[in-house]
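Quick notes on the structure that follows.
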Amino acid sequence: CVSEKGKPPVQISPTNNVLWKVQVPWSPSSPCVWRDRIFLSSFADDQLQTRCYSRKDGKWLWSRSIMPNKLELFHRSEGSPAASTPATDGKYVLCYFGSFGLVCYNIEGGEVWRRPMAVAESSGGFGTGTSRVIVGKLALLCRDQDQNSVLLALDVRTGKTVWETARPDAIGSFGTPIVWK
């Protein structure tokens, strides 16, 4: 996508062309932006968090936490058990944590459903980093790990499995599925 009228900032730094900034817990996930909201996953105080901020001014709107029974192995200086980027369709917000599974919130932060999964096992103990995608009424998760890798399609409204495809040759992944029509 190219914009002929776009004027992106040419010089970016911690002080140049900054509209606002806010402290957030360590989070190697990418932000997920929907209209006036920014969603992040983070890891703080041994909790897996989904956070929502105002895009206008960075105001912290809500946060929801999950305390996993066990943390996946992860690279402490570069990874995190909250490395996966949230996904939203403007109605639902999905977060995946290798130490827990999937959790779905509504846009206001109310929990809709959760889908606990066995703790993910990744090559070399680096941790997981796959993100999910929402396509229509499906939530897609590519859960590649050392064994039992799958591509999973869930009903985004209920968390129920619609279909599941084994990926026996896939070992570890940090990618995001894309949909090609």
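Key figures
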| item | result |
| --- | --- |
| Residue selected from segment 165-181 under the condition farther than 24 Å from K91 by Cα and surrounded by 13 or more Cβ atoms within 10 Å (Cβ to Cβ), by the criterion modelled with the highest pLDDT | R167 |
| Test: G124 is surrounded by fewer than 19 Cβ atoms within 10 Å (Cβ to Cβ) and at pLDDT 90 or above | no |
| Tally, over segment 133-148, of residues that are in a strand (DSSP E or B) and open to solvent by 70 Å² or more (accessible area, probe 1.4 Å) | 0 |
| Among residues of segment 149-168, those that are touching a residue at least 12 places away in the same chain (Cβ under 8 Å) and assigned to a loop (DSSP other than H, G, I, E, B), counted | 7 |
| Segment 9-22, residues that are open to solvent by 50 Å² or more (accessible area, probe 1.4 Å) and either modelled with pLDDT under 90 or within 20 Å of R132 (Cα to Cα) (or both) | P9, V10, Q11, I12, P14, T15, N16, N17, V18, L19 |
| Top-ranked residue of segment 90-108 - restricted to ones that are open to solvent by less than 20 Å² (accessible area, probe 1.4 Å) and not in a strand (DSSP E or B), ranked as farthest from P31 (Cα to Cα) | S99 |
| Search result, residues across segment 31-81 that are farther than 19 Å from Y105 by Cα, open to solvent by less than 80 Å² (accessible area, probe 1.4 Å) and modelled with pLDDT of 95 or more | G58 |
| Meets criteria (under 10 Å from the mean Cα position of the chain (by Cα), open to solvent by 20 Å² or more (accessible area, probe 1.4 Å), under 17 Å from R132 (Cβ atoms) and not β-branched (V, I, T)) for A87 | no |
| Evaluation of K160 against (1) surrounded by 13 or more Cβ atoms within 10 Å (Cβ to Cβ); (2) more than 17 Å from S42 (Cα to Cα) (one fails), failing number | (1) |
| Conditions (1) outside any strand (DSSP E or B); (2) surrounded by fewer than 20 Cβ atoms within 10 Å (Cβ to Cβ): number failed by T130 | (2) |
| Single condition L152 does not satisfy, out of (1) among the aliphatic types (A, V, I, L, M); (2) over 16 Å from G98 (Cβ atoms); (3) modelled with pLDDT of 90 or more | (2) |
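The values are calculated or read from the model by the stated rules, or taken from the named source; none is laboratory data. Everything quoted here is computed from the prediction, not taken from an experiment. Backbone-built Cβ (ideal geometry, glycine too); neighbour counts: all protein chains shown. When the accessible area is computed, the model is the full protein with side chains, heavy atoms only, and any ligands, DNA or RNA have been set aside. Shrake-Rupley method; radii C 1.70, N 1.55, O 1.52, S 1.80 Å.
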